[in-house]
Amino acid sequence: RRVHGGGIFENIISMTCEVNPHPRVDVLFKHAKNSFIGAWIIGGIAVLICLIVAALHISKLRRVTPSVRRDLYVDIVFVGPVFCVIGYLCILIPRVTPLFDALLAFYEAKVLYDYGRLLVNLVAGESAHNDHLARVKASSVLAALPPQRFLAVAPLTCCFFPCCPSLQFSEWMLVLVERLLRQFLFIAPSVAVIHVAISLQDTDDSLTKTEVSEQVLALIKLASVLLAVWGLFIVYKATRGVLRNYHTTFKFAGIKIILVITSIQEAIVSNRLKHKREPEPGEYFSKYAIGYFWINFAMCIEGLILTLILVYAFPLSELESSRVNESTSDVTEIGQGKVGVSKSSVSRDPDSPQ
């Protein structure tokens, strides 16, 4: 219930219509001691391993000369520990789960946005110091590709592949992809925050309104996710051949695991809510709360697995080799330019010695 005389944070923590479906940690400890203590210990071990692995890898990445590409590698790898820590905090403090859901939604959107930026940066090269310059350089490189059906990709337009025209890749496609990813970056956390605000209602018909509102929010988020993934598939299809040495397919699969995990968890919660019974008088917590507790525990394990995948998919060797290769190509181009100038100057000067 609302905390009389409490601050806004206390009221949010004690949220939902009549009682918070997420029980206090002391209630969990009192009524299901062994199982929940086991979950806390296993989850804590998973978080510890996850943080150690991620910290070691990120420290190695930060030894490379600062660049946009290095920062994107660090940001993407960092999402694994975020998943793991948020899941563990939700099983330690179940009543703040809705607040952490909003934070998790933001990181889900951010990692997709960063991956789209990374693909463009890899095509443009290390010399691209901002997103606009990277987009211009990447579009000039991708414009050399033969015309293809770049827009006929999953999950929205793959069925229209036969009737979709073959187009020359141009900068407007990268602008479209950037906007598709950016809308998800704003809509996903906004939907989560609105969901928290709706849950604070305490009117008599708030349950019905909440169910309808949650369905509408779920449809909005689904549409936003589909558009963002469609944009990623567009840029992935265009850059797959150019970035063959960077194993973008494995990177793309690792990123999509985040959405798959989220979808599975939401499906589990929806199924539990559909079949759960009404709490009886004196009941400390319902199936709703227990379901979310174990889903958050699973997120600790999933966060560890995700961290291991991202560490393998975004290795330090790629940053080092790309910098060496680009430095070598720059030196070669400069050398060739000097030779060309010397030859032309010799041929134009009649008094020069042959």
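The values are calculated or read from the model by the stated rules, or taken from the named source; none is laboratory data. Nothing here was measured: the structure is a model prediction, and the numbers come from that model. Quick reminder, even Gly has a Cβ in these numbers, built from the backbone with ideal geometry, and neighbours come from all protein chains shown. Accessible surface areas use protein heavy atoms only, side chains included; no ligands, DNA or RNA. Shrake-Rupley method; radii C 1.70, N 1.55, O 1.52, S 1.80 Å.
Quick grid of which residues meet (1) under 16 Å from L232 (Cα atoms); (2) open to solvent by 20 Å² or more (accessible area, probe 1.4 Å):
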| residue | (1), (2) |
| --- | --- |
| A134 | no, no |
| P146 | no, yes |
| P165 | no, yes |
| W172 | yes, yes |
| V175 | yes, yes |
| Q183 | yes, yes |
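Return yes or no: is I187 surrounded by 14 or more Cβ atoms within 10 Å (Cβ to Cβ) and more than 25 Å from F78 (Cα to Cα)?
Numbers: surrounded by 14 or more Cβ atoms within 10 Å (Cβ to Cβ): yes; more than 25 Å from F78 (Cα to Cα): no.
When the stated conditions are applied, I187 does not pass them.
Here is the figure for the stretch 150-166: residues that are more than 30 Å from Y107 (Cβ to Cβ) and out of contact with any Phe, Trp or Tyr (no Cβ under 6 Å at 6 or more places or on another chain) total 8. Sub-7 Å Cβ pairs linking a first residue in the stretch 176-190 that is farther than 11 Å from V225 by Cα to a second residue that is among the hydrophobic types (A, V, I, L, M, F, W, C), at least 6 apart or interchain, are V177/I234; V177/V235; P189/A102; P189/A105; P189/F106; P189/A109, ordered by first then second residue.
Every condition in (1) within 19 Å of K256 (Cα to Cα); (2) modelled with pLDDT under 90 is met by V96 except one, and the failing one is (1).
Against the test of being at pLDDT below 85, open to solvent by 40 Å² or more (accessible area, probe 1.4 Å) and part of a helix (DSSP H, G or I), the options R277, R272 yield a single qualifying residue, R272. Residues of the stretch 231-255 that are β-branched (V, I, T), surrounded by fewer than 21 Cβ atoms within 10 Å (Cβ to Cβ) and either modelled with pLDDT of 85 or more or not in a helix (DSSP H, G or I) (or both): V242 alone.
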